[in-house]
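**Student:** Structure below; questions to follow.
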Amino acid sequence: MEYIRDHPDKATKRDIAKAFGIRGDDRIELKRLLRSLADDGLIEGKRKRFTEAGDLPPVLPVTIFEQDSDGDLIAEPVKWENETTKPPRILIVYSSRDKGRAPGVGDQALVRITERGIGNDQKPAYAAKIIKILPKRASTLLGVVQMGAHAEALPRLVPVDRKQSECEIDDLGGADHGDLVEATISKIGRYGLQRARVTNRIGSLKSEKAVSQIALHEHDIPHVFPEAALEAAQDAKKVDPSKNREDWRSVPLITIDPADAKDHDDAVAAIADDDPANEGGFIITVAIADVGYYVRPGTPLDREAFNRGNSVYFPDRVIPMLPEAISNDLCSLKENEDRPALAVQIWIDAHGRKIRHRFHRIFMKSHAALAYEEAQAAIDGKPSERAAQVLESTVRPLYDAYRCLLKERGDRAPLDLNVTERKIRLDEDGKVADVIVPKRLTAHKLIEEFMILANVAAAEALEAKRSPVIFRAHDAPSLAKLEGLRDFLSTIDLQIPKAGNIRPEHFNRILARVKGENHDLLTNQVVLRSQAQAEYTPDNYGHFGLNLKKYVHFTSPIRRYADLMIHRGLITAFGFGEGGLSDISEDGLFEIAEHVSATERRAMAAERATVDRLIAEWLADKIGATFFATISGVTKAGLFVTLDDTGADGFIPISTIGNDYYIFDEARHQLAGERSRETYTLGDKVEVKLVEALPFAGALRFEMLSEGKKTSRHHVFPQRKGRRAQARAKRGGPPAGVSRKIKRKR
C-alpha cells in the first residue's frame, strides 16, 4: 500500500513485481493479493495500474467545466467509471507566466496532479497543473436522420448514443429520413443546437448491416483492412509441400463445423491404438490451419491481426481478424484441398487419460467437410452421401474415442453449468425471421473435448520447452463473490465450502441438487455470476472452470491472435522452420495478453449489443403483446426479464410493479412487497407486457402482469440482531441493511 501510494505512476502489477523482486509462480500469489485488496475496497485497478481506492492517476485528461466565485477553473476527469460517487473536483493551477494559451471553460486538457486530499465534497480535492490543452477535434456521430415537421425546418440527427445531444443537419450528403449516417460537428454555437454534416450514409436502420454498423462504431472495432494488408493477402502463395513438412494427405482427417461456416481451421481423426500395452486406447489427431506460415511477425497482416485481436461474429456477417484471401481460402481446411497445418497426435488410454503427445508440421487434405447435424445423423444411422464415405474410417472412431474422453471428463469434473445459447435467423432482406435455441448435439461436445485436449497438449509442450506462453487462464471466484453466493445458497438450505478449498465439483454438486427443481434456473444463474472472467496472461494460474492446471488457446489461429502466438511458439520450440516467434520481452508478452483480452471483451460486447438491437427492432411492432418470461436480474431499480421464446432481455421499473413498498433483498435476489408480502425472485416465471421498444438503444421495457409469490412477514423482514433493527421491524419498516423503494401509483 505504501508503494502504491508513493508511486502512483509506476504501480502496474509488473511494476510492483519488479519493485519487490517477485518472479515465477509467486506472480500468481501477487495477483491474488492485489485482487483481495481490491475486493476489500483498499485499491482500484485503472488500465492495469493500481491506485488507492478513489484516487486519481498522476496524469489524466480532464474537462474544465466551471469557474468558481474566486475565479479559479474547476475540472473533472474526462472518464469516471464509478457510478455510485460523483467525479472529484480538480482545481486547475494556472499562471500567466505558463506557456501556451490560457485555458477556459469547455476546454479539455492533459494535467498532472500536484496535490491530493486538499478539499471536500464542496471544494476541489485535487490541484493540478496543465501539461497540454487538448485540441478541439470534430467528433464523429452515429445517428438517424429525421426530417423537420415543415419545409423550413432543418433535418435533425438523433444520435444512437443516448448520452449525445441532437444536432441540426446543414448538409444531408444524400441521406434521407430514417437513414443511419455518420456525421461530424460542423458548427458549435453558444445558443441552440449544434450543426452537423453527414459524411457517410450507411443505410436504413431496418437493415441488419446498419444495426451491426452501430456496434462497430460504438465499440471502435476496426472493420476496413488497410491496403497494405489486403495486398499482402492477395500476394500470398500456396505452401510448397516439400519444405519442412510431413505429407499427411492420406490421413482421413475431416472437419466438423456449423453448416454456415466459411472458414475451417480444425480437422480431426482418431484410430484405435494397436499397442498391446494400451488396450482400449486411441490415437487422436487434431490438425490446425498453419496461419503462422502466412502471417509473419511485424508484417502488415500481423499488425492488423494484432489490432483486431479476434474476429467478431454478427448474425449475418463476420468482421474477420484476417482478410478473406487468408481466412476463407489459403488457411481454410477446405474439403479435398491440400493445406498446410500444425498437427498434434495424442495417445489416450481406455479411461481417456492422456499418455503422451507429439507435434508435427504437415501438409494435409480434409476428406470431408461435415456439419454438426450431418455428423450426428451419420452416427445415428442416417448418413448423407458425403458422410457415408468417411463413416467407418473417421466418424465412428471419433465417437468411440470421445466416449473414452467422457470418462476422463467425469473424473476431472469441470464446471457444468446449464447455459442456453440463442441464435438469430435472418430472412433474405437481413431482417430477423426467428430466434431459436440450437440443439446441443453430441457432435458439438465431441469437437469441444478434442479441442480442449489439443490445447492442453500445446500448453504442456511449450512449458516443457520453456517457450514464451500466453495462457488462457480462469481464476477461482473471488472472496466477495463467494460470500454473495454463500448468502444466496443459505436461503435455499445449501452450503458451499469456504474459500481456499473451492473446486468446480463443489458447484456441480449444488447444481445437481437443484436440477429439475424450482431453484434450478435461478441457481445456475447465480453460480454463473459468481465466476471470474477468463483472460489471456503469461502467468499460469490454471483454468478453474475446466479444472486444468495448464491451458492455452491453440485451435483457432484464423480468428484469435492469442492462438497465432501459440502456433509461433510451437514452430520455434520444435524447429519447424519459417513463421516462428520473434524475440519478445516479458513486458511485450504481457502487453499482447492484455490487448487480446481487451479485444475479446470488446467483441463480446458488440455482438451482444447487435443482437439486442435486432430483437428490439423485431419487437417494435409488437407493443402491447404479452410474453412469458423469466426474471433474470433483480436490482433496487427494478427487474430484468428474459423472454422465454426469443431470449430478448428487457426491464421492468420498480415504480410500475403494483402499489406497494418494495424491499430489495440482495442475498435472496428478490423484491418483496412490504404490505402485500408478494415477492419477485431471480428465476421466477412471469407473464409480462411489452410497453416500449427502442431499437437504437436495443432496449425493451415491460409491464409486470403476474402477481408475486406470497411469503411470510418474517421472510420479508428476517430477524436481525440489535434493538434498533427490532424496533424498526415492529414499526413496519425494513430492518437495517435492507433497501426500500417507495412506489408511485400509476
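The values are calculated or read from the model by the stated rules, or taken from the named source; none is laboratory data. Note that the structure is a prediction, hence the values are computed from the model and not measured. FYI the Cβ positions are ideal-geometry reconstructions off the backbone, even for glycines, and counts take in every protein chain you see. Each accessible area value is taken on the protein alone, full model and side chains, heavy atoms only, with ligands, DNA and RNA left out. Shrake-Rupley method; radii C 1.70, N 1.55, O 1.52, S 1.80 Å.
**Student:** Modelled label-to-label distance, ASN518 and SER384, 7 Å Cα→beta-carbon offset: nm?
**Tutor:** The two pseudo-label positions are separated by 4.7 nm.
**Student:** Might you tell me the accessible area per residue for the chain, computed with a 1.4 Å probe and given in Å²?
**Tutor:** Ligands and nucleic acids excluded, the result is 51 Å² per residue.
**Student:** Compute the long axis of helix 561-573 from its Cα atoms, compare it with the longest principal axis of the Cα atoms of the chain, and write down the angle in degrees, 0 to 90, nearest 10.
**Tutor:** 40 degrees
**Student:** Right, something else. Expressed as an acute angle from 0 to 90° and rounded to the nearest 10, what is the orientation of the C-alpha long axis of helix 26-39 relative to the principal long axis of the chain?
**Tutor:** Once rounded, one gets 30 degrees.
**Student:** Kirkwood Rh and Cα-based Rg: tell me the resulting Rg over Rh for the chain, rounded to two decimals.
**Tutor:** 0.98
**Student:** How much of the accessible area of the chain, in percent, comes from carbon and sulfur atoms when a 1.4 Å probe is used?
**Tutor:** Carbon plus sulfur share of accessible area: 47 percent.
**Student:** Over the alpha-carbon set of the range 477-540, work out the extent along each principal axis and list the three values in angstrom, largest first.
**Tutor:** Each principal axis gives a Cα extent; for the range 477-540 these are 42, 20, 17 Å.
**Student:** With no solvent and one equal point scatterer placed on each C-alpha of the range 403-542, evaluate the Debye formula and give log10 I(q)/I(0) for q = 0.10, 0.17, 0.18 Å⁻¹, two decimals.
**Tutor:** Once normalised to I(0) and log-transformed, intensities are -0.49, -1.15, -1.20.
**Student:** How large is the Rg to Rh ratio of the range 306-402 when both quantities use alpha carbon positions and Rh follows Kirkwood?
**Tutor:** Rounded to two decimals, Rg/Rh equals 1.03.
**Student:** For a Förster distance of 22 Å, can you work out the FRET efficiency between the beta-carbons of GLU392 and ASP274, rounded to the nearest 0.05?
**Tutor:** So, using R0 = 22 Å, E works out to roughly 0.85.
**Student:** So if R0 is 35 Å, what FRET efficiency would GLU66 and LEU441 give, r being the distance between their Cβ atoms, rounded to the nearest 0.05?
**Tutor:** The computed FRET efficiency comes out at 0.05.
**Student:** Can you tell me the orientation of helix 520-529 relative to the chain, as the angle in degrees between its alpha-carbon axis and the longest Cα principal axis, to the nearest 10?
**Tutor:** 80 degrees
**Student:** What accessible area, in Å² to the nearest ten, does a 1.4 Å probe give for LYS237?
**Tutor:** 150 Å²
**Student:** Further question on the same structure: At what distance in nm do the modelled label points of GLU591 and LYS431 sit from each other, each positioned 7 Å from its Cα along Cα→Cβ?
**Tutor:** Label at GLU591, label at LYS431, 4.9 nm between them.
**Student:** Quick check on the chain: helices-only [θ] at 222 nm, where DSSP H runs of length 4 and up contribute -39,500 (n - 2.57) each and the sum goes over total residues. Nearest 500, please.
**Tutor:** Mean residue ellipticity at 222 nm (helix-derived): -8500 deg cm²/dmol.
**Student:** Probe 1.4 Å, all protein chains in place: accessible area of LEU694 in Å², nearest 10?
**Tutor:** Approximately 60 Å² for this residue.
**Student:** Still on this structure: Which Cα, out of ALA667, ALA175, ALA606, lies furthest along the positive dipole direction of the chain (beta carbon charges, K/R +1, D/E -1)?
**Tutor:** ALA667
**Student:** Regarding the range 214-368, what whole-number volume in Å³ per residue does the convex hull of its Cα atoms give?
**Tutor:** Value for the range 214-368: 147 Å³ per residue.
**Student:** Work out Dmax and Rg for the range 496-651 from the C-alpha atoms and quote the Rg first, both in angstrom.
**Tutor:** According to the Cα coordinates of the range 496-651, Rg and Dmax are 21.2, 66 Å.
**Student:** Obtain the nm distance between the two label points defined at LEU30 and ASP493 by a simple spin-label model: each point lies 7 Å from its Cα along the Cα-to-C-beta direction.
**Tutor:** About 4.9 nm, to one decimal.
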